[in-house]
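Undergrad: Mind having a look at this structure? Questions to follow.
The values are calculated or read from the model by the stated rules, or taken from the named source; none is laboratory data. Predicted, not measured: the structure shown is a model, and the values here were computed from it. When we count neighbours, we look across all protein chains shown, and the Cβ atoms used for this are built from the backbone with ideal geometry, even at glycine. Protein only, heavy atoms only, side chains kept; ligands, DNA and RNA dropped before computing areas. Shrake-Rupley method; radii C 1.70, N 1.55, O 1.52, S 1.80 Å.
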Amino acid sequence: MTTWRVGTVVGAVMESPTARSIWLEIPGLPTPRPGQHIDIRLTAPDGYSTSRSYSLSDVREGETVAVSVEELDDGEVSPFLVHDLEIGEQVEVAGPVGMQFVWPPSEADADRPVQLVAGGSGIAPLMSMIRARETTRPDVEMRLLYSTRSPEHAFYRDEFALLTSSGRLRVDWFFSRSAPADSGRRAGRITRDEFLTAVLPVEDHPLFYLCGGNEYVEVLGDWLLDAGYPIGDIRIERFLVT
Ligand SMILES: Cc1cc2nc3c(=O)[nH]c(=O)nc-3n(C[C@H](O)[C@H](O)[C@H](O)COP(=O)(O)OP(=O)(O)OC[C@H]3O[C@@H](n4cnc5c(N)ncnc54)[C@H](O)[C@@H]3O)c2cc1C
């Protein structure tokens with residue numbers, strides 16, 4: 001049976017015009033792992049309730065975790081979470097959930113280099129891995145490929161600027177709709193060549209974590225398999241299950 005706990009909103013920040021990170025304090029939350037998600041349930045005054053899954057974007061504080069939500073124009077839950085849920089208000093939370101899309105996956109693989117690949121809000125669980133790496137395993141190599149609509153739609157921009165300027169993280173940016181002139185990129189879908197050139201090479205034996213919409217992660221996952229990366233080293237999280 002699902003256990004629902006009460007989460008209190010203790011912080012929130014807009015990440016872009018359409019996305020918001022929300023910090024929830026959840027007493028009794030089992031220790032979360034980077035990459036896991038929670039279910040958030042909302043109940044209206046008339047008793048109608050509905051829940052959605054959201055990846056944890058920060059697990060460093062244990063019982064206080066963050067989620068990062070992208071608003072869907074015609075969505076039922078995400079516009080409320082992005083614009084209306086206020087500090088001090090409460091939601092119900094189940095989880096954390098997920099055994100496969102977690103970093104590190106096991107003690108044996110904890111030292112391996114990691115290639116993170118995000119599409120849109122798929123950056124959220126990868127950010128929990130990046131943040132956890134900084135505090136627990138700063139010696140582990142992590143590289144990020146992040147595809148977003150435009151620079152303005154990128155989450156965690158200040159944190160990425162710090163991590164890249166200090167040499168702590170390499171970020172390969174791709175822009176699907178609007179690319180800045182100085183990025184050296186054109187706007188549009190990432191090509192196979194661009195993707196395979198950017199990611200860690202096969203001979204480095206990287207672990208892959210891909211997160212985003214179904215089509216994005218499936219296409220990129222197939223490119224990795226074709227290029228000879230072992231299937232067991234590729235972990236995928238899909239945000240839209242159809
Ligand atoms: C494991 C998991 C983790 C997730 N983590 C995150 C996260 O960290 N951040 C985040 O913003 N979202 C995340 N999602 C997606 C989230 O659960 C919701 O599906 C999303 O917020 C839309 O909910 P809604 O009620 O606003 O839209 P709904 O009312 O459920 O849907 C409205 C319309 O949008 C379409 N739709 C639903 N979901 C998506 C989507 N993801 N992309 C494009 N179209 C969609 C539907 O088909 C429908 O037409 C995750 C999903 C899963 C399964």
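Undergrad: Of the residues that make up the range 101-121, is at least one away from the ligand (no atom under 15 Å from the Cβ), touching a Leu at 6+ places or on another chain (Cβ under 9 Å) and of a type in the set (Ser, Thr, Tyr)?
TA: Checked the range 101-121: no residue is away from the ligand (no atom under 15 Å from the Cβ), touching a Leu at 6+ places or on another chain (Cβ under 9 Å) and of a type in the set (Ser, Thr, Tyr).
Undergrad: From the list Thr31, Thr64, pick out the single residue that is more than 16 Å from the ligand (Cβ to nearest atom), in contact with a Leu (Cβ under 8 Å, 6 or more places away or on another chain) and at pLDDT 95 or above. Explain how you work it out, then say what you get.
TA: Numbers: Thr31 fails: in contact with a Leu (Cβ under 8 Å, 6 or more places away or on another chain).
The unique qualifying residue is Thr64.
Undergrad: Can you report the number of residues in the range 120-145 which are surrounded by fewer than 23 Cβ atoms within 10 Å (Cβ to Cβ) and at negative phi? Working first, answer last.
TA: Filtering the range 120-145 down to residues surrounded by fewer than 23 Cβ atoms within 10 Å (Cβ to Cβ) leaves 120, 131-141, 143.
Checking the rest, the ones that are also at negative phi come to 131-141, 143.
Of the residues in the range 120-145, 12 are surrounded by fewer than 23 Cβ atoms within 10 Å (Cβ to Cβ) and at negative phi.
Undergrad: Tell me which of these Asp158 doesn't satisfy, since it passes every other one: (1) without any contact (Cβ under 8 Å) to a residue 24 or more places away in the chain; (2) within 14 Å of the ligand (Cβ to nearest atom).
TA: (2)
Undergrad: Among Gly47, Gly88, Gly98, Gly11, which is near the ligand (Cβ under 9 Å from one of its atoms) and open to solvent by less than 70 Å² (accessible area, probe 1.4 Å)? Reasoning before the result, please.
TA: Values: Gly47 fails: near the ligand (Cβ under 9 Å from one of its atoms); Gly88 fails: near the ligand (Cβ under 9 Å from one of its atoms); Gly11 fails: near the ligand (Cβ under 9 Å from one of its atoms).
Selected residue: Gly98, the only one of Gly47, Gly88, Gly98, Gly11 that is near the ligand (Cβ under 9 Å from one of its atoms) and open to solvent by less than 70 Å² (accessible area, probe 1.4 Å).
Undergrad: Given the condition over 24 Å from Ala227 (Cα atoms), β-branched (Val, Ile, Thr) and either assigned by TED's automatic domain parsing to the domain that holds Leu144 or modelled with pLDDT under 95 (or both), answer yes or no: does some residue in the range 154-176 qualify?
TA: Within the range 154-176 (the criterion being over 24 Å from Ala227 (Cα atoms), β-branched (Val, Ile, Thr) and either assigned by TED's automatic domain parsing to the domain that holds Leu144 or modelled with pLDDT under 95 (or both)), the answer is yes, since at least one residue qualifies.
Undergrad: Would you list the strands (runs of 3 or more DSSP E) that sit entirely within the range 159-242 and hold 3 or more residues that are over 19 Å from Gly122 (Cα atoms)? Before the answer, list the steps.
TA: Details: elements: 170-175, 207-212, 234-238.
Hits in the range 159-242: none.
Undergrad: Moving on to the next point. From the list Leu81, Leu72, exactly one residue is without any contact (Cβ under 8 Å) to a residue 12 or more places away in the chain, near the ligand (Cβ under 10 Å from one of its atoms) and outside the structural domain of Trp173 (by TED's automatic domain parsing). Which is it? It would help to see each step written out before you state the result.
TA: Working: Leu81 fails: without any contact (Cβ under 8 Å) to a residue 12 or more places away in the chain.
From the options Leu81, Leu72, the qualifying one is Leu72.
Undergrad: Given the structure, is Asp222 within 21 Å of the chain's Cα centre (by Cα), surrounded by fewer than 14 Cβ atoms within 10 Å (Cβ to Cβ), outside the structural domain of Ser55 (by TED's automatic domain parsing) and of a type outside the set (S, T, N, Q)?
TA: Working: within 21 Å of the chain's Cα centre (by Cα): yes; surrounded by fewer than 14 Cβ atoms within 10 Å (Cβ to Cβ): yes; outside the structural domain of Ser55 (by TED's automatic domain parsing): yes; of a type outside the set (S, T, N, Q): yes.
So Asp222 fits the description; yes.
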